[in-house]
Structure formats: C-alpha cells, structure tokens
Amino acid sequence: MPTFSPVIELVPELQVARLDLVQLFWRSAPLHVDLGCGDGSFLCEMAQQFPKTNFLGIERLTKRVEKVRRKTEKIENVRVLRADTLFAVRYLLPKNSVETFYLLFPDPWPKRRHQFRRTFTRDFLDAVADALDKHGVLRVATDQLDYFHQVERISRAHQQFQVVPLSPDDAVLPITKFEKKFRDEGAPIYRLTLRKTSPVR
C-alpha cells in the first residue's frame, strides 16, 4: 500500500480548485468533516470507529495541525487540511460531497465587539448547504448559551435546513477536549442538529 501524508498544505493551485476527494483518500466513501478539529482527538476516534467513512479535519492553527498529523499517522481514513473554516467549506470542498459536518465548541468570542468573528453566520450556513449532500447533516455543540441562541436563530431562518430532534447518536459521539473541560466545570452543553432540505420555491 502506498504511503501518504495526512496533512494537506494549501498551494496556489488548490486555492482555485476544489479538492479531489477520491484522489485524496484513494477511495470513494462517505465524507465527514470536523470543522476546527483542534488536537484531532474527536476526529481520530470517529475515524477508528467508522473505518468505511472518510474523515477530514479542518484547522487553521499550524501547531494544532501538527498534533493531528502525529495522531493520524497510522489511521488511513483521516486527512487534515490547514485552512480557514469558511474558506475551506466555501471554496475547497466539492458541492454536495459531505455527509456530515461537525462544528464542536467553536471559539465563542464572548465579548460583544468580537462576535463578528464567530464562525456560525448566514454566510457560513450557505456554504455548508452547498457542500452537504442531499439530506446531509450539520451537528453543532457549544457551552455558550448566547452563541447557541444565535445558531438557533440563523438556522431556523434558513430555507435549506430544518432543526431535527437530537438522536441517541448525539449522546455517543466521542467527547472532545473542550467538552471534557466544560463538563468537569459543570457547564451545560447545548447541541443542535440540522438537516439539509430542499429550499422552498
């Protein structure tokens, strides 16, 4: 079997071309994408639980990407992309290619003057809708109630998504580093699952 480097470095031609997922993973399989994958613990555990699924982690910070690279050296169905989340979703992922997105404990930017930096916006959700396949899913979790209300408000106003009841699958997802920290502190965790639907005409 050929060797591979799990880290995808952005080179100029990639910035104008969408990823060739079959070439990237050497196979055609359902794709799950972890947005802001941090140290890669969640990503790697999911990949090991579901070897027939391809997993892509997107992370902007170089040191975190290096941590993920080390963890994924022997896991063949994981790749990690060093890029800004919105840029990657909007321009690098092929349309209708993703079965599930995970946005788990994104930076809440709690100060009001910084909240424009939050990942979850209408533009972000538009890009996610384009990248998701038919009936694809976006799973969101946060410990910040005001951010959760923002996520709910934007989601319910978007014509291509419906909020679906939380399922037992949500409860058995691996616990991220941040979720463990928040649980240890006794903080409540807020979750939302969105399913892509056909837009109302």
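The values are calculated or read from the model by the stated rules, or taken from the named source; none is laboratory data. A quick note: this is a predicted structure, and the numbers were derived from the prediction, not measured. Here Cβ is always computed from backbone atoms with ideal geometry, including for glycine, and neighbour counts include all displayed protein chains. Surface accessibility is based on the protein's heavy atoms, side chains included, excluding ligands, DNA and RNA. Shrake-Rupley method; radii C 1.70, N 1.55, O 1.52, S 1.80 Å.
See the values below:
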| quantity | calculated |
| --- | --- |
| Qualifying position, being at pLDDT 90 or above and surrounded by fewer than 23 Cβ atoms within 10 Å (Cβ to Cβ), among Ile75, Ile58 | Ile75 |
| Selection from segment 89-144 of residues that are closer than 15 Å to Leu21 by Cα, part of a helix (DSSP H, G or I) and open to solvent by less than 20 Å² (accessible area, probe 1.4 Å) | Val89, Leu92, Ala131 |
| Residues within segment 60-88 that are under 13 Å from Val33 (Cα atoms) and either in contact with a Gly (Cβ under 6 Å, 6 or more places away or on another chain) or part of a helix (DSSP H, G or I) (or both), tallied | 4 |
| Long-range neighbours under 8 Å by Cβ, at least six apart or interchain, first residue on the phi < 0 side of the Ramachandran plot and in contact (Cβ under 8 Å) with a residue 24 or more places away in the chain within segment 65-76, second of a type in the set (Lys, Arg) and open to solvent by less than 70 Å² (accessible area, probe 1.4 Å) | Thr72/Arg79 |
| All positions within segment 79-93 that are closer than 13 Å to Leu56 by Cα and of a type outside the set (Ser, Thr, Tyr) | Arg79, Val80, Leu81, Arg82, Ala83, Ala88, Val89, Leu92, Leu93 |
| Contacts under 8 angstrom Cβ, first residue in segment 92-107 being under 8 Å from Asp133 (Cα atoms), partner assigned to a strand (DSSP E or B) and open to solvent by 30 Å² or more (accessible area, probe 1.4 Å), 6 or more apart | Asn96/Asp133; Asn96/Lys134; Ser97/Asp133; Val98/Asp133; Glu99/Asp133 |
| Residue tally, condition open to solvent by 50 Å² or more (accessible area, probe 1.4 Å) and either part of a loop (DSSP other than H, G, I, E, B) or farther than 21 Å from Lys95 by Cα (or both), over segment 145-162 | 7 |
